[in-house]
1. Neighbouring Cβ atoms within 10 Å as the yardstick, rank W85, W50, W45, W101 fewest first.
2. T135 to R38: extension gain in nm, 0.36 nm per residue of separation minus the Cα-Cα distance?
3. I'd like the FRET efficiency for E168 and S145, computed as 1/(1 + (r/R0)^6) with the beta carbon distance as r and R0 of 22 Å, rounded to 0.05.
4. In nm, give the distance between the simple-model label positions of K118 and A73, each being 7 Å from the Cα along the Cα-to-Cβ direction.
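Only the coordinates and a few stated rules stand behind these numbers; no lab work does. Being a predicted model, the structure only gives us computed values, none of them experimental. Here the Cβ positions follow ideal geometry from the backbone for every residue, glycine too, while neighbour counts run over all protein chains shown.
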Amino acid sequence: MSGDTPDITNDKNSDPVLIDKDAPIRLALPATLILERRIISRSFWSLPSWYLHTVAIGEHLAAGEALSKEGIAVGKSDKGDLFAWSGFEVTLYKDACERYWHALIGDKPLVYVICRDKTDDMESGNTAVHEMQPTIVTVDYDDASASAETDSPVLSAPIPSQLYRYMERFVLTHYQPREFKKRTRRNWSKDVGKPENSVLPRGDRENTENQNEG
């Protein structure tokens, strides 16, 4: 990222909060969303394309900050312009801890931002808006997948280290992974020669019983 990008993801005072097991069943973390707008150019046209740059999490962000309806330009990356939307929250729920657990132990844990495509607003003459408006930020793949099925744009990026630590602490406090128990395999060799355990079509079984009676 270029040097003129502000450092709004400062990791100072980023130790995870200690969560009491008797605490509320959810944890809301203030968040600022940083989206990257790239222009894809071809011979006779150009098209904006949006990406999730990062999600800034922490107590140093104002939890009560008013939701920004429009993205604020905060700098540039090597590939495009950066815009910030503040006033969001990443909410962790106790009953979703198993999904969080699988995300944490996966190869590439992701954070998702569900958006609304505002292209129609721009075509109607309202040029003050961006093409993309974030609506929800989540770490739950099921929520993101459900939104994608309704054709809502869903952007994703690797979970930043600070959010990862909050998730990890929350999961370790509220969730105990189920112990894997290997199923005992049945010794089928002991059943060889036992007619009552033979699997035969009904007609063949009746013929076999008649032969035994004869």
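1. W45, W101, W50, W85
2. 32.9 nm
3. Efficiency, rounded to the nearest 0.05: 0.45.
4. So the two model labels end up 1.6 nm from each other.
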